[in-house]
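For reference, the structure discussed in these notes is given below.
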Amino acid sequence: MKFNTKTIHGGQEHDPAYGAVMPPIYQTTTYAQSAPGGHKGYEYSRTHNPTRNALENAFASIENGKYGLAFSSGLASIDAVLKLLQPGDEVVSTNDLYGGTYRLFTKIYEDFGIKFHFIGMGNTKKIEEYITPDTKLIWVETPTNPMMNIIDIVAVSKIARKHDVLLAVDNTFATPYLQRPLDLGADIAMHSATKYLGGHSDVVMGALVVKDQGLANRLYFIQNASGAICGPQDAFLVLRGIKTLHVRMQRHCENGKAVAEFLAKHPKIKKVYWPGFETHPNHDIAKSQMDDFGGMVSFTTKENNYEEAIKIVKKLKVFTLAESLGGVESLAGHPASMTHASIPKEEREKTGVVDALIRLSVGIEDKFDLIEDLKMAIE
Ligand SMILES: *Cc1c(COP(=O)(O)O)cnc(C)c1O
């Protein structure tokens with residue numbers, strides 16, 4: 001089955017009771033049993049719920065995995081991965097990553113005795129210098145948020161294999177429409193389904209997809225034992241979102257390209273971060289592991305300061321100043337004071353998240369209106 005069919009049919013069955021084409025929202029905590037243990041595969045909705053299972057099958061299908069898991073948020077899904085570890089274990093992570101992931105690693109899991117090494121992974125050779133016998137996980141986000149750095153997943157997966165370390169890839173920005181980490185050698189594909197998979201800025205949710213049954217069983221155990229599951233209504237909404245993922249992503253990519261190219265030519269703009277430019281330092285890797293370049297674009301102006309960046313984001317009218325990304329509507333953000341405020345200034349500036357940086361989640365409106373809006377705000 002091709003991707004554009006999988007988004008609609010992958011892992012899906014019509015409802016066995018009445019043939020409903022969409023799985024009903026099974027808004028129930030429990031399931032009647034004919035005798036103790038005499039149930040139809042469902043006992044209690046923390047453990048299993050038919051609506052959630054339909055969504056989890058869709059996650060597995062679009063990521064070319066075997067097992068999908070849905071969580072109450074992207075961070076809850078990352079939290080489940082971290083619970084695979086023991087005190088004393090070490091993690092090698094991308095240094096330029098989602099602020100909340102950094103906060104979870106450093107403010108929660110460091111206290112539980114897990115050691116993190118945050119490094120630039122533009123050159124994957126550096127990773128091996130940080131691998132010790134205690135390293136159990138490599139955490140990769142690509143494209144990175146918000147600097148749009150690209151990490152070579154195949155190269156990292158070879159290192160992970162060699163040292164028998166798990167590789168998890170946060171695939172939120174690319175989505176499986178553009179990039180399938182499990183096909184590139186990763187063990188775990190992770191999503192904030194809040195973003196493109198949901199796609200309509202109305203649900204907070206996380207996802208994990210794996211191929212290995214043993215790993216899946218450990219994660220299902222954590223999902224049930226820790227209990228950070230999503231509700232059936234949210235599962236229904238994300239399942240509905242996935243059905244149009246391919247059409248939305250096509251437009252996000254088209255509009256992202258138009259916006260990036262407009263900004264790059266504008267005399268007031270200093271730098272545009274978008275992996276589709278040939279001048280992007282890892283453009284070749286982006287081309288080899290992604291099918292297109294997505295709708296996320298970051299930039300700085302020549303004034304290159306906080307005041308100018310704030311002035312622009314406040315002036316925008318079609319773009320809404322807001323956290324988050326990946327919805328149908330265009331959003332603008334100021335990472336230093338919004339999504340990345342939890343990272344110390346010194347740390348974030350090392351990776352390029354300066355006060356002058358603006359991040360755009362380019363939506364699926366008419367690109368003419370988006371460009372006019374940016375033009376007005378910049379000029
Ligand atoms: C939003 C986001 C997360 C966190 O997901 P939530 O659903 O907000 O918990 C993790 N990684 C990336 C890249 C994100 O954009």
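Could you tally up the Lys pairs in region 3-242 with alpha carbons closer than 14 Å? Skip any pair fewer than 8 positions apart unless they're on separate chains.
Lysine pairs, 8 or more places apart or on different chains, close enough: 10.
Given the rule -39500 (n - 2.57) for each run of at least 4 DSSP H residues, summed and divided by the residues of the chain, what is its mean residue ellipticity at 222 nm, to the nearest 500 deg cm²/dmol? Please list the in-between numbers first.
Details: 13 runs with 129 residues, N = 379.
Value at 222 nm, helices only, nearest 500: -10000 deg cm²/dmol.
Just tell me which lysines come within less than 20 Å, Cα to Cα, of Lys270; anything on the same chain fewer than 8 places away is out.
List returned: Lys257, Lys302, Lys311, Lys314, Lys315, Lys350, Lys375.
Please report Ile62, Ile378 as a ranked list, fewest other C-beta atoms within 10 angstrom at the top and most at the bottom.
Details: Ile62 26, Ile378 20.
Listed from fewest to most nearby Cβ atoms, that is Ile378, Ile62.
Which order results if His340, His48, His14 are arranged by neighbouring Cβ count within 10 Å, fewest first?
Values: His340 26, His48 18, His14 11.
Least to most surrounded, the residues fall as His14, His48, His340.
Under a cut-off of 14 Å between alpha-carbon atoms, report the aspartates and glutamates in cross-link reach of Lys367, not counting same-chain residues fewer than 8 places apart.
Within the straight-line limit of under 14 Å, Lys367 reaches these aspartates and glutamates: Glu254, Glu261, Glu329.
I need the helices of the chain that pass two filters: whole DSSP H segments spanning 20 Å or more by Cα along the axis, and mean Kyte-Doolittle score no lower than -1.0. Before the final figure, lay out each step's value.
On the way: long enough: 245-265 (30 Å, -0.43).
Qualifying helices: 245-265.
Which order results if Asp291, Asp164 are arranged by neighbouring Cβ count within 10 Å, fewest first? Display every interim value, and only then the final one.
Details: Asp291 15, Asp164 8.
Lowest count first: Asp164, Asp291.
Mind running the shape call on region 229-336? Use the C-alpha gyration tensor, a ≥ b ≥ c as the square roots of the eigenvalues: rounded below 1.5 for a/c, prolate if a/b tops b/c, oblate otherwise. Display every interim value, and only then the final one.
On the way: a/c = 2.35, a/b = 1.36, b/c = 1.73.
The shape class here is oblate.
Give the relative contact order (percent, whole number) for the chain; include only Cα pairs under 8 Å separated by 6+ residues. Walk me through the numbers before you get to the answer.
Details: 776 pairs, mean separation 65.8, N = 379.
Contact order relative to length: 17 percent.
Using a/c under 1.5 as the rounded threshold, could you call region 3-242 rounded, prolate or oblate? The axes a ≥ b ≥ c are square roots of the C-alpha gyration tensor eigenvalues, and prolate needs a/b larger than b/c, oblate otherwise.
Values: a/c = 2.09, a/b = 1.63, b/c = 1.28.
It comes out prolate by the Cα gyration axes.
With the chain treated as a Gaussian network of Cα nodes joined by springs under 10 Å, which of Ala35, Ala332, Ala216 yields the largest mean-square fluctuation?
Residue with maximal mean-square fluctuation among Ala35, Ala332, Ala216: Ala35.
Positive end of the charge dipole of the chain (Lys, Arg +1 and Asp, Glu -1 on Cβ, about the Cα centre): tell me which of Leu167, Thr7, Leu197 has its Cα farthest that way.
Towards the positive end, the residue furthest out is Thr7.
No lab work stands behind these numbers, since they all come straight from the coordinates. These figures come from a predicted structure and were not determined experimentally. Heads up, the Cβs are rebuilt from the backbone with ideal geometry, glycines too, and the neighbour counts pull from every protein chain shown.
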